[in-house]
Each structure stands twice: as C-alpha cells, then as structure tokens.
Amino acid sequence: RDSQRTVLPTSSVFKYTSSDLDALSAGRALGVDAVLSGTLQRDGDRVRVTAQLITLDDGKTVWSGKFEQDYGNVFTLQDSIAEKLSAALEPEITSDSRPPLAEHATENREAYQAYLMGLYFWTRRTKPNLSKAIDYLEEAVKKDPTFALAFAHLADCYYLSYQTPYSLFKLDEGLSRAEAAAARALQLDDRVPEAHMVKAGALAQRGDYEQADQEFQRALQLNPNHATAHLRYGYFLFFSSRLKESVEQMKLAQELDPVSPISNTALGYALSMARNPDEAIKFFIKAIELQPETVVAHF
C-alpha cells in the first residue's frame with residue numbers, strides 16, 4: 001500500500017456530485033493529497049470534457065486537459081483521459097513501458113449508462129434508492145448479459161435488499177438472488193472483487209465461514225483499496241471473535257472512505273469493544289457530523 005497511490009472509492013466521490021463544495025474543500029473533507037476535477041458538456045453528438053488535477057497542499061493545478069469526442073465513442077474518450085492522467089500521475093513511466101489500459105467492462109453504451117445510474121443510487125443507502133439501483137442494474141445486465149461488473153453490483157444490491165432497513169425481499173429470496181448474480185459475474189470474470197465480496201457474505205450467512213474468509217481475502221487481493229470489502233470483512237472478523245483483526249480492517253475501511261457515516265460508526269463500535277473508548281468517541285462524533293440521524297453512533 002505504501003508504494004502505491006491510493007484512490008478513494010466511487011462511493012466517497014459520489015457524495016460530492018451534487019454538493020456546493022468546491023474541489024479543494026471536498027478534497028480536504030476526504031483527506032486526500034490531490035483531486036481530479038472537471039466538467040462535461042454535450043452538444044448534439046459531441047462531448048467536451050475539461051479536467052484538472054489539483055494538489056491540496058498548495059491548490060496548484062499540476063495537470064489539465066481538454067478532450068472532445070463523438071458521444072458514440074464514449075469509451076474511447078474515457079481511455080484518452082485515463083491515458084493522459086496516468087502519464088501525469090506517473091511521469092517516471094514512459095509511454096512505451098506503461099501497462100495497457102484495462103479492458104472495458106462493456107461496449108454497450110446503454111448498458112453502461114444504466115450501470116452508472118444503478119451505481120449512483122447504490123451509494124445512497126435508502127430503501128427507495130436501493131430499489132432504483134436494482135431496477136437500473138437489472139436493465140444493464142439485460143442490455144448486456146456479459147456485463148460482469150453490473151452483475152456484481154446487482155448481486156450486492158440483492159445482498160443488501162433483505163437486511164434492515166431495506167427489507168425489499170425476504171432473506172431467502174434476497175440471498176438466493178445475490179448468490180445467483182454473484183455466480184454469474186464470476187463466471188464471466190473471476191477478477192471482479194465485488195462479486196467475491198458478495199459471495200463471501202452469502203457463504204457466511206450459510207454458515208461456511210472458512211470459505212467465506214477465503215472469498216473476502218480474494219476480493220481484497222484483487223482490490224486492496226476496496227473500502228466496502230474491508231468493512232464487511234471487519235464485520236465478519238468481529239463476529240468470528242477476531243477483534244484485533246476486525247479493528248484493523250475497520251480502520252482501513254474508514255481511511256479509504258472517511259466521509260462514510262457507516263465506516264466511522266463501525267470503526268467506533270469495534271474500538272469500543274476493544275476497550276478503547278476515547279478513540280471510539282472520535283469516530284462516533286465524526287459519523288454524527290456526517291449524518292446526524294445515525295442512531296447507532298448516538299447510542
């Protein structure tokens with residue numbers, strides 16, 4: 001971790017898409033070193049993107065770029081931005097030796113748009129929003145039945161759907177749907193960490209704790225910066241009476257998603273169980289500042 005750059009998860013960033021905070025203020029709230037900020041404009045079939053990388057310590061722009069592309073080639077546009085940004089972030093790597101960009105999760109534009117909408121509502125943890133996330137993600141996999149990442153996030157929505165406070169499905173139905181969607185995602189691509197995370201949770205629910213542990217570790221091996229996987233592995237370890245390891249995982253989750261009331265509350269609870277109340281209180285207070293109606297943090 002120390003030798004690699006850590007990128008905060010989408011769930012952290014999405015919180016600021018409709019915020020009045022500027023990029024620097026959002027970056028300070030997230031506790032990061034730099035923020036990639038930009039705008040997107042669409043004019044007919046043309047898309048124009050401007051982006052800039054700003055460092056938090058001095059507020060300077062260390063990289064900026066402008067891109068214009070046909071809307072039908074949105075994936076090419078993404079590749080162009082990612083290639084130039086990676087060059088700015090890793091100037092010591094020459095273009096000849098830089099590894100190729102990852103494969104596109106889908107080439108279907110409509111499926112991708114539905115996936116993004118599903119991901120947006122997935123990050124907003126309310127019962128109506130989770131229901132909308134399921135609708136959009138089901139649409140995404142219908143439009144592209146080979147879209148592994150959409151299946152994985154759909155599986156996670158099903159996994160959450162039977163839990164309090166959502167209660168969209170009964171436990172058996174929600175768990176069965178989650179297992180089926182996760183299995184389909186892994187059949188399409190075994191490298192999707194979100195699918196391994198859901199599979200781990202389902203295995204734990206079924207009582208197969210040894211295999212669940214392995215699946216959590218596989219998810220984090222694929223993406224060591226996956227905040228939700230750290231959080232759920234922390235819960236798993238907690239209920240397995242492995243308190244010290246649980247606290248370690250909860251700390252990683254909070255570091256990767258510092259503006260999540262869930263991760264702050266979870267870390268506070270783990271610390272309180274580890275008989276560290278002074279440290280626990282700090283994270284309960286932060287959770288309440290982020291979301292005043294967080295009942296568990298108040299309790």
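The values are calculated or read from the model by the stated rules, or taken from the named source; none is laboratory data. Just so you know, these numbers come straight off a predicted model, no measurement behind them. Neighbour counts run over all protein chains shown; Cβ positions are idealised from the backbone, glycine included. Quick note on the areas: whole protein, heavy atoms, side chains included, nothing else; ligands and nucleic acids left out. Shrake-Rupley method; radii C 1.70, N 1.55, O 1.52, S 1.80 Å.
What are the principal axis extents of the Cα atoms in segment 213-299, in Å, biggest first?
Between the extreme Cα coordinates on each principal axis of segment 213-299 lie 34, 24, 17 Å.
Return the distance in nm (one decimal) between the two label points of a simple spin-label model at ARG191 and LEU24, each offset 7 Å from Cα along Cα→Cβ.
The answer from the label model is 3.9 nm.
Pick from LEU220, LEU119, LEU40: which residue has the top mean-square fluctuation in a GNM of the chain where Cα pairs under 10 Å get a spring?
Answer for the Gaussian network model of the chain: LEU40.
Within the chain, what whole-number % of the accessible surface is contributed by carbon and sulfur, with the 1.4 Å probe and all protein chains included in the calculation?
Roughly 51 percent of what the probe reaches on the chain is carbon or sulfur.
Net charge near THR39: determine it from the other residues with C-beta under 14 Å of the C-beta of THR39, scoring Lys and Arg +1 and Asp and Glu -1.
Within the 14 Å Cβ shell, the charges total 0.
In Å², and per residue, what accessible area does the chain have when probed at 1.4 Å with the other protein chains present?
56
Express the relative contact order of the chain as a whole percentage, based on alpha carbon pairs under 8 Å and six or more residues apart in sequence.
11 percent.
Taking a ≥ b ≥ c as the square roots of the Cα gyration tensor eigenvalues, with a/c under 1.5 meaning rounded and otherwise prolate when a/b beats b/c, else oblate, which class fits the chain?
Verdict is oblate for the chain.
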